[in-house]
1. I want to confirm something. Restricting to segment 21-45 and keeping residues that are crowded, with 19+ Cβ neighbours inside 10 Å and among the aliphatic types (A, V, I, L, M), which single residue is nearest to Ile68 (Cα to Cα)?
2. Could you list all residues from segment 47-64 that are surrounded by fewer than 22 Cβ atoms within 10 Å (Cβ to Cβ), modelled with pLDDT of 95 or more and of a type in the set (Val, Ile, Thr)?
3. Determine which member of the set Leu71, Leu90 is aliphatic (A, V, I, L, M), surrounded by fewer than 15 Cβ atoms within 10 Å (Cβ to Cβ) and at pLDDT 95 or above.
4. Spot the failing condition for Leu21; the list is (1) under 13 Å from the mean Cα position of the chain (by Cα); (2) without any contact (Cβ under 8 Å) to a residue 40 or more places away in the chain; (3) in a helix (DSSP H, G or I), and only one is missed.
5. Which of the residues belonging to segment 60-84 are in a loop (DSSP other than H, G, I, E, B) and touching a helix residue (DSSP H, G or I) at 6+ places or on another chain (Cβ under 9 Å)?
6. Give the residue that is surrounded by the fewest Cβ atoms within 10 Å (Cβ to Cβ), with candidates limited to residues of segment 94-110 that are of a type outside the set (D, E, K, R) and part of a loop (DSSP other than H, G, I, E, B).
Amino acid sequence: MAKVLMVDDSRTSRKLLRSILTEGGHEIVGEAANGQEGVQQFQALKPELVTMDITMPVLDGIEALKMIKALDGNSKVVMVTAAGQKNKVLECIKSGANEFITKPFDSQEILSAIAKVMES
């Protein structure tokens, strides 16, 4: 079980992810609609895990990932990618992402990715 902060500009994606995570026994401690809010919520809430969309307004997921890793090198961040973002995936890996989940969401894929990250 993890305390999770979800960062995604899509309310629908957050709602879907929330139901998958809570059914999987995780606790949602916060939600943010862009990377800047995500970094602020990360500092305020100290979640055990962050799910981070890559493409967002204000501050994208890659920049937010870098800022979170700078604040806490041990933070666990799972990036949410849409199909066709392979070049961004490489940048996320270099920036310290722990794992990736893809849209459209597959509940088993998400729960196993999070379990893997929490064990590491």
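1. Val39
2. Val58, Ile62
3. Values: Leu90 fails: at pLDDT 95 or above.
Of Leu71, Leu90, the one residue that is aliphatic (A, V, I, L, M), surrounded by fewer than 15 Cβ atoms within 10 Å (Cβ to Cβ) and at pLDDT 95 or above is Leu71.
4. All conditions pass for Leu21, except number (2).
5. Just the residues of segment 60-84 that are in a loop (DSSP other than H, G, I, E, B), to begin with: 60, 72-76, 83-84.
Correct list: Asp60, Asp72, Ser75, Lys76.
6. So the residue we want is Pro104.
The values are calculated or read from the model by the stated rules, or taken from the named source; none is laboratory data. Remember, predicted model here, so these are calculated numbers, not experimental data. Neighbour counts are summed over all protein chains in view; Cβ atoms, including those assigned to glycine, are modelled from backbone coordinates with ideal geometry.
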